Amino acid sequence: MTASAAPQPLVSRTATALKGTARVPGDKSISHRSLMLGALAVGETEIHGLLEGEDVLRTAAAMRQLGGEAERGADGVWRARGRGIGGLREAPEVLDLGNAGTGTRLLMGLVAPYDFVTFFTGDASLRSRPMARVSEPLSRMGARIVSRAGGRPPLAVIGTGEPMPITYKLPVASAQVKSAILLAGLNTPGITTVIEPEPTRDHTELMLKGFGATLKVEQTTEGRAVSLTGQPEIFGRKIVVPGDPSSAAFPLAAALIVPGSDIRLPNIGLNPHRIGLIETLLEMGADIAIENRREEAGEPVGDLRVRHGALKGVTVPAERAPSMIDEYPILSVVAAFAEGETKMEGLAELRVKESDRLSAMAQGLAACGVKVVEGQDSLTVTGGKAPAGGVRIAVKLDHRIGMSFLVLGMAAKKPVEIDDAEAIGTSFPGFVDLMNGLGGMVTKTNR
């Protein structure tokens, strides 16, 4: 939120049964990568269903500054025209990525092998987030990164005209760090390899192959190794962006906790590295049916039918975290309605998101009357009855915290208010209209 923007508080009240069909926005991860690779490919890339949230629009603006073309046509289709690998130019202005942590980390990798300097900044939330995990491997490839303490933006990536391929084992499973290294490897001679201890979302690998890059994935004793042959010629293509499973998580969760609900969510991405939440909810007894399974642009897709029903607490193992790291806030809301105890483990990564999501959810749930125990990297929620609600939550510019508590308010005994909804537009434009269209009661307040 800019200094001059007024807060946008919202309140969510107890809803009757949610009914109907809702189309969630396009996948944010795939949208970011489509614009970046489209600006490097030879020819035109057509992108259907691009997420037009603030985060992705910031990436589109950044690619234009770096010399690519990315524009929305009158038909709603985005078209990117590339300059070829090695064809980016120095941005004339500072790249302001707003709240887009994914866009920042991936773009840092993209510009690292170029012999120019790129400056990055963002909003207050982004400027508090550490980028050192990305800076360290990019430095090994020859780039220099100058930042504030802790690797926080504003920062400068001083690119190298002689990038070196590396083999890098991720100290912590992170799709963003993996992707940044692979994007740097595109303009680096030789073979760049990333080894991940736990598999993370593989949109970058699938998309690189789709554009024509030479990529090898194999399982080694150290983990899953992804090797990219640098300086390929990649070509524009048509991309159909599926519905974002992280966005679908909110209406899905609402249907599970609001009695009598029965909704459909068509065209949802079902990448195996993104469906940890669905797997967990099914273990909890959720009534979720996956229909019309198919593949679009190399990504598995399906339609979800979700109905309210009884839920039970489970233990979510740490190794599942990479496949659902963004969904723990909304899972903790569902856990508040499930009978018994739900323990979520391996959540340290939540402390370095848009906010400290682990503490934010623990404090917010407790304020709503839910029994919760916050560990250093775990969260335990004891549910079984509707939370009291009747509180105002400070979301700290974090869209997922805001949406999670608005969902909770749909089934709590008293309304739940959030202090500022502006950040929701970064990933889920139209969230309020979509939820209210299903039967929710989310409205503005006068505070």
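Any residue at all in the stretch 310-324 that is over 20 Å from the mean Cα position of the chain (by Cα), of a type in the set (Ser, Thr, Tyr) and under 21 Å from Val372 (Cβ atoms)?
Yes - at least one qualifying residue is present in the stretch 310-324.
Output the residues belonging to the stretch 256-269 that are over 22 Å from Val314 (Cα atoms) and not in a strand (DSSP E or B).
The answer is Gly260, Ser261.
Take Ser174 and tell me if it is more than 24 Å from the chain's Cα centre (by Cα) and closer than 30 Å to Ser323 by Cβ.
Against the criterion (more than 24 Å from the chain's Cα centre (by Cα) and closer than 30 Å to Ser323 by Cβ), Ser174 does not qualify.
In contact with a helix residue (DSSP H, G or I) (Cβ under 7 Å, 6 or more places away or on another chain), more than 12 Å from Leu277 (Cβ to Cβ) and not assigned by TED's automatic domain parsing to the domain that holds Thr200: is that true of Thr315 in this structure?
When the stated conditions are applied, Thr315 does not pass them.
For the stretch 337-349, give me the residue count where each residue is touching a residue at least 60 places away in the same chain (Cβ under 8 Å) and farther than 26 Å from Pro197 by Cα.
Total satisfying the criteria: 1.
Would you tally the residues in the stretch 50-82 being farther than 20 Å from Phe119 by Cα, part of a loop (DSSP other than H, G, I, E, B) and touching a Leu at 6+ places or on another chain (Cβ under 7 Å)?
Total satisfying the criteria: 1.
On the basis of being in a strand (DSSP E or B) and within 20 Å of the chain's Cα centre (by Cα), does Pro272 make the cut?
Judged against the criteria, Pro272 is not a match.
Quick test for you: out of Glu339, Glu349, pick the one residue that is at pLDDT 95 or above and more than 14 Å from Phe250 (Cα to Cα).
Glu339
Just one of (1) outside the structural domain of Pro251 (by TED's automatic domain parsing); (2) touching a helix residue (DSSP H, G or I) at 6+ places or on another chain (Cβ under 6 Å) trips up Gly20, so point out which.
The number of the failed condition is (1).
One line per residue, one yes/no per condition, for (1) in a strand (DSSP E or B); (2) of a type in the set (Ser, Thr, Tyr); (3) touching a residue at least 60 places away in the same chain (Cβ under 8 Å); (4) under 21 Å from Ser174 (Cβ atoms):
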{"position": "Leu277", "(1), (2), (3), (4)": "no, no, no, yes"}
{"position": "Asp303", "(1), (2), (3), (4)": "yes, no, no, no"}
{"position": "Arg320", "(1), (2), (3), (4)": "no, no, no, yes"}
{"position": "Pro329", "(1), (2), (3), (4)": "no, no, yes, yes"}
{"position": "Arg351", "(1), (2), (3), (4)": "no, no, no, yes"}
{"position": "Ala360", "(1), (2), (3), (4)": "no, no, no, yes"}
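Which pairs turn up if I take residues in the stretch 136-158 that are surrounded by fewer than 14 Cβ atoms within 10 Å (Cβ to Cβ) and look for partners that are basic (Lys, Arg) with beta carbon separation below 8 Å, at least 6 apart in sequence or on another chain?
Listed pairs, sorted by first residue: Arg148/Arg127.
Of the conditions (1) in contact (Cβ under 8 Å) with a residue 24 or more places away in the chain; (2) closer than 25 Å to Gly276 by Cβ; (3) touching a Lys or Arg at 6+ places or on another chain (Cβ under 9 Å); (4) surrounded by fewer than 18 Cβ atoms within 10 Å (Cβ to Cβ), Gly390 satisfies every one except a single condition; which number is it?
The failed condition is (2).
Could you identify the single residue in Gly86, Gly103 that is part of a helix (DSSP H, G or I) and in the same structural domain as Gln176 (by TED's automatic domain parsing)?
After ruling out the rest, the residue left standing is Gly103.
Just checking, which of Ala17, Ala22 is within 15 Å of Asn267 (Cα to Cα), touching a residue at least 12 places away in the same chain (Cβ under 8 Å) and surrounded by fewer than 24 Cβ atoms within 10 Å (Cβ to Cβ)?
None of the other options fit; the residue is Ala22.
Among the numbered conditions (1) closer than 22 Å to His48 by Cβ; (2) modelled with pLDDT of 95 or more; (3) in a helix (DSSP H, G or I), tell me where Asn292 comes up short.
Failing condition for Asn292: (3).
For Pro232, indicate whether it is assigned by TED's automatic domain parsing to the domain that holds Tyr168 and in contact with a Ser or Thr (Cβ under 7 Å, 6 or more places away or on another chain).
The answer is yes for Pro232.
The values are calculated or read from the model by the stated rules, or taken from the named source; none is laboratory data. Note that this is a predicted model, so its numbers are computed, not measured. For neighbour counting, all protein chains shown are included, and Cβ atoms are generated from backbone atoms with ideal geometry for every residue, glycine included.
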